[in-house]
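Where a number appears in this text, it was derived from the coordinates with a stated rule and is not lab data. Here the structure is a predicted model, which means the values were calculated and not measured. Cβ sites come from the backbone with ideal geometry, for glycine too, and all protein chains shown count toward neighbours.
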Amino acid sequence: MGMDSLRVATINLWCRHGDWAQRRAILIDGFAELRLDLIALQESVVTDDYDQVLEVLGPDYYLFHQEGRAKDGSGASIASRWPFARVHEVTLPRTHRMDDGPAWIGSTAVAELFLPEPMGRILFVHHKPSWQQGFEAERELQAVAAARFVEGMVEPRAVHVLLAGDLDATPASSSVRFWHGRQALQGTSVCYRDCWETCHGDEPGHTFTPRNPLVASGDMPFDLGRRIDYLMVRCNDHGPTLRVRSCSRIFTEPGASDHFGLMAEVAPA
């Protein structure tokens with residue numbers, strides 16, 4: 001049977017902070033209702049005897065847990081309805097500021113999947129750079145390293161690339177402008193179509209906001225609100241290779257996470 005669209009999402013699970021029993025119930029019910037195809041998850045806790053992603057998604061997904069985890073097991077993960085053909089992890093640049101600070105749970109993974117036609121070959125890129133607000137220089141280095149790796153995997157034959165993640169930077173930042181094709185870095189340029197911007201234009205679409213009680217009561221109570229979670233489609237010479245049918249925030253009800261998630265439906269152009 002053919003496949004004419006794909007439901008993709010990104011969500012920061014916020015580890016098991018807060019009232020985890022309540023949050024767990026909200027996430028389990030929400031994921032069951034959304035019936036997503038591909039999911040990028042940040043701050044997911046995975047240890048030798050516990051898998052938070054499996055707990056909230058159930059057994060119907062193939063899972064890949066990325067390297068770069070903190071001592072409590074928190075890091076980044078990918079969930080897919082289809083088996084992974086291959087998953088590559090990108091070695092991202094580090095600086096002395098990262099070594100001197102708290103444990104870095106950032107990473108980038110590129111999952112290669114072969115979906116039913118007409119969707120075909122997909123590269124699902126889950127990018128989690130440095131999170132500190134003053135670390136845009138590090139995010140620039142990491143964005144360039146990730147983008148160069150992906151470009152090396154894009155072969156002449158038809159391929160779609162979806163980029164997802166908590167990029168910890170606003171649309172005006174240099175690292176996100178780089179992904180959008182509005183700024184070159186280190187002699188490198190790429191272009192990805194922002195799913196939220198495609199559907200909502202200049203609407204702020206904040207995914208980390210004090211309107212969320214878990215932000216207002218957390219470590220950043222004075223945050224003014226930012227859009228830092230993204231879904232994007234890579235462009236070829238003529239534009240995005242997938243059409244963005246819709247894009248919306250998910251898990252916006254109180255109590256799910258300190259981030260709102262993001263979901264998009266994409267289809268062959």
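Rounded to the nearest 20 debye, what is the charge dipole size of the chain about its Cα centre when +1 sits on each Lys and Arg Cβ and -1 on each Asp and Glu Cβ? Each step should come with its number before you reach the end.
Values: 26 positive and 36 negative charges, 112 e Å.
With only Lys, Arg, Asp and Glu charged at Cβ, the dipole is about 540 debye.
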In a shell of Cβ-Cβ distance under 14 Å around D19, excluding D19 itself, what net charge do Lys and Arg (+1) and Asp and Glu (-1) give?
-> +1
Taking only Cα atoms and a 10 Å spring cutoff, compute GNM fluctuations for the chain and point out the largest among P254, P204, P59.
-> P59
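Taking the Cβ of E265 as the centre, find all other residues whose Cβ is under 13 Å away and add up their charges (Lys, Arg: +1; Asp, Glu: -1). Write out the running numbers ahead of the final one.
Numbers: positive: R7, R35, R243, R245; negative: D4, D37.
In short, +2.
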Full extension from D72 to M220: what is 0.36 nm times the residue separation minus their Cα-Cα distance, to one decimal in nm?
-> 51.2 nm
Choice from S77, S257, S248 showing the highest fluctuation, given a GNM over the chain with Cα pairs closer than 10 Å | S248
Candidates F222, F64, F251; GNM for the chain (alpha-carbon contacts under 10 Å) flags as most fluctuating F222
Whose amide H sits under 5 Å from the amide H of Y192, counting only residues 5 or more places off or on another chain, with H placed in the peptide plane?
-> H180, G181, C235
Taking a quarter of the surface of the convex hull around the Cα atoms of the stretch 24-126, what do you get in nm²?
-> 7.6 nm²
Along the stretch 111-127, what does the Karplus equation 6.51 cos²θ - 1.76 cosθ + 1.60 (θ = phi - 60°) give for ³J(HN,Hα), rounded to whole Hz, x for Gly and Pro?
-> 9, 9, 10, 10, 9, x, 5, x, 5, x, 6, 10, 10, 9, 9, 9, 10
Do any cysteines in the chain lack another Cys Cβ under 4.7 Å, and if so which?
-> C15
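Taking the Cβ of E140 as the centre, find all other residues whose Cβ is under 14 Å away and add up their charges (Lys, Arg: +1; Asp, Glu: -1).
Numbers: positive: R94, R97, R139, R148, R177, R182; negative: E136, E138, D168.
With Lys, Arg at +1 and Asp, Glu at -1, the neighbours total +3.
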